[in-house]
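Below: the structure, in structure tokens.
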Amino acid sequence: MEAERWAQVSRIFNSAIELDGEAREAYLKSECGADESLAHEVKRLIDSHQRASAEDFIAEPAFANSSESKTLADGQQLGPYLILKHLGAGGMGEVYLATDTRLGRSVALKVLSAEVAHDKRRMQRFQQEARMASSLNQPNILTVFEFGEIDALNFLATEYIEGKTLRQYLRSHKLTLPEILDVSIQILSALDAAHETKIVHRDIKPENVMLRSRDQVVKLLDFGLAKPTESGSSTHANDLEGETQYKTAAGAVLGTINYMSPEQAQGLPLDERTDLWSTGVVIYEMVAGQVPFKGRTKSHTLVQILENEPVSLSEASPVPVPDELKRIVEKALAKQLDERYQTAKDMAVDLRKLRKQLDVEAEMRRSVGPTLAVESRATSSVAAGPTVTSDSSRAVKYGMLLLAAVILVGAVWFVTKSRFVQKPPTGPLPSPITQQSLTYSITVQKYRDSKPFEQPFQLAKEMLFERDYQIRLNVSSPKSGFLYVLNEGPHEKEKPAEFVVLFPSSTSNSSSALIADNQQVQIPETSWIKFDQEKGAERVWLVFSANAIAELEPIRAYANEKKMGLIDDSSLSDRVQQFLRTHTGSKPTVEQNAELRQTRVSAPGDILVHVIDLEHQ
């Protein structure tokens, strides 16, 4: 539907919904005239609006719409469920806090009204939504435990969440930037799980995001509008219906259209990217305290969504915003689908990288903080000294200058005397302190369905990787020496480590560990490093020495295709682990060059040992 046409439909609908009976019919006739298509679209919206509250019961938080009428009493037993208290009522029935006596867990028990239970169409829709929600087993999605019938009462048992919706939370709290990133990442984790099963939520907004009180874990609610993407046959009429199924109660529209994507606002077929747009709107609102698209009426808002760019996040936010977050939000709010994030996983990866960067910067500030505090106190103590008159001040200055002159003369006399009195050393001169250094970077290749996509990109430091990403190391040294690179897989602290030899390799550098000065070494040379299937942190050990290292030379026997680099000799693995632990006492100096996207590590002595932590999902 064209934006102008939709604006006309929306305007008539918003006025007609306030009227009843003959008044509504007369108004529609006067506005639509002989345009039967226009009247048909408006009536479809009105019908959808009137049904919405009755068909959105599965999504309602457990505390919605309190009511005095109760079907079940406190302390009553419904099958295995012990009713604790009445929480509220919705268009399809009542909500109770109950205990599942079989497992001893609290649940939100939603009991359908008799009217709904005897309505075949509504029951079919309810069951379909229950099945859809229960198929999404993910920590950030409200869990559906059971759907059944006991004593002629149809019920739905879901996870009970003690907390607030994001909308309620924002009314009383100002989220910090790390908190905003954490909430956003969890929303995207939930969407990633839904999208993997080809389910699009279609209604991401703060009202449908719950924050659990005890740990701030996010729970995504309301899959009442969700649809499988494979039914891409979503018709124009179906999408218009979806557009009006906002949270409603007692005939009042409580939701907004501010979170709709351009394709959703036009009634076009939807895919996963519409959820990413809505998530971008939610992030913008958490940062700036306002939504990016908001007009005087719904029609004005629709025009903004379809035609206008929002105010830059850095301008709308009352506090400074990292450029990277601004870029992420702008990409999420790209009106063209191909320019938007294509998957929830990709968007979450960028947010995790930003979160890790903020953590590193915060740690740096904490480590520098005590030094600055000492300097500040010293400066303050001088500044806070007693106030003196100008004459006194001059006398103090002259006295200090005289004292400094005496000290300077004494120092010159001492040095001069030492030059003539001291004898030259009779022993050999001490050897200059040696130093080893390496420069490295990480090349990342994204993979999807076992196939590379997008261009590889280079990093100067670690990031939070996705499990199906693959990487390559680029290493060099200004001096020649022996390079050993090992991958230590995830393992429990008490259990022995498992090492894979990455360099030297039978396929590169003629199987030699010796590299020339400034030689660029690519590890691996013709393939990529894959992450372990187990979620966690892997470690890549870089060892560089002026001479061959006796403890590590035996690992070369495993650097071949037959062994695949795996050191399967437990005694050798133990010796390798002991060597690495022994040489990690003194941390090397680490310098990062953001422009060249490289990291330089250096350490005094003959041996440099540096570990790269590769955390992945």
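Please state which of the following conditions Ala133 fails to meet, knowing it meets all the rest: (1) assigned to a strand (DSSP E or B); (2) within 28 Å of the chain's Cα centre (by Cα).
Of everything listed in (1) assigned to a strand (DSSP E or B); (2) within 28 Å of the chain's Cα centre (by Cα), Ala133 misses just condition (1).
Go through segment 318-356 and give me each residue that's part of a helix (DSSP H, G or I), of a type in the set (D, E, K, R) and over 22 Å from Gln186 (Cα atoms).
Matches in segment 318-356: Asp338, Glu339.
Just for segment 266-295: of the residues that are part of a helix (DSSP H, G or I) and not hydrophobic (A, V, I, L, M, F, W, C), which one is farthest from Thr343 (Cα to Cα)?
Checked segment 266-295; the qualifying residue farthest from Thr343 (Cα to Cα) is Glu285.
Would segment 549-568 turn up any residue that is in the same structural domain as Glu488 (by TED's automatic domain parsing), in a helix (DSSP H, G or I) and in contact with a Pro (Cβ under 6 Å, 6 or more places away or on another chain)?
Within segment 549-568, one or more residues are in the same structural domain as Glu488 (by TED's automatic domain parsing), in a helix (DSSP H, G or I) and in contact with a Pro (Cβ under 6 Å, 6 or more places away or on another chain).
Do we have any residue at all in segment 490-504 that's over 22 Å from Gln458 (Cβ atoms), modelled with pLDDT of 85 or more and not in a strand (DSSP E or B)?
So far as segment 490-504 goes, yes, one or more of its residues are over 22 Å from Gln458 (Cβ atoms), modelled with pLDDT of 85 or more and not in a strand (DSSP E or B).
Kindly indicate whether Ile161 is modelled with pLDDT of 90 or more and either of a type in the set (A, V, I, L, M, F, W, C) or not in a loop (DSSP other than H, G, I, E, B) (or both).
no
Of everything in segment 99-140, what is touching a helix residue (DSSP H, G or I) at 6+ places or on another chain (Cβ under 7 Å) and under 16 Å from Lys219 (Cα atoms)? Give them in sequence order.
Ala133, Leu136, Gln138, Asn140
From Ala133, Ala117, grab the single residue that is outside the structural domain of Thr279 (by TED's automatic domain parsing), crowded, with 16+ Cβ neighbours inside 10 Å and within 30 Å of Ile283 (Cβ to Cβ).
After applying the criteria, what remains is Ala133.
Scan segment 136-149 residue by residue and report those that are assigned to a strand (DSSP E or B) and either more than 15 Å from Glu94 (Cα to Cα) or among the small types (Gly, Ala, Ser) (or both).
Within segment 136-149, Ile141, Val144, Phe145, Glu146, Gly148 meet the criteria.
Checking Glu315 against (1) buried (at least 20 other Cβ atoms within 10 Å of the Cβ); (2) modelled with pLDDT of 90 or more; (3) part of a helix (DSSP H, G or I), only one condition comes out false. Which one?
(1)
In segment 330-345, how many residues are touching a residue at least 60 places away in the same chain (Cβ under 8 Å) and crowded, with 18+ Cβ neighbours inside 10 Å?
Within segment 330-345, residues that are touching a residue at least 60 places away in the same chain (Cβ under 8 Å) and crowded, with 18+ Cβ neighbours inside 10 Å number 4.
Residues that are crowded, with 20+ Cβ neighbours inside 10 Å and touching a Pro at 6+ places or on another chain (Cβ under 9 Å): does segment 170-186 have at least one?
yes
Residues in segment 210-223 that are within 16 Å of the chain's Cα centre (by Cα) and under 15 Å from Ala193 (Cβ atoms): how many?
4
In segment 476-507, what count of residues is obtained for those that are surrounded by fewer than 17 Cβ atoms within 10 Å (Cβ to Cβ) and under 26 Å from Leu596 (Cβ atoms)?
Of the residues in segment 476-507, 3 are surrounded by fewer than 17 Cβ atoms within 10 Å (Cβ to Cβ) and under 26 Å from Leu596 (Cβ atoms).
The values are calculated or read from the model by the stated rules, or taken from the named source; none is laboratory data. These numbers come from a predicted model, not from an experiment. Using ideal geometry, Cβ is built from the backbone for each residue, glycine included, and neighbour counts are taken over all protein chains shown.
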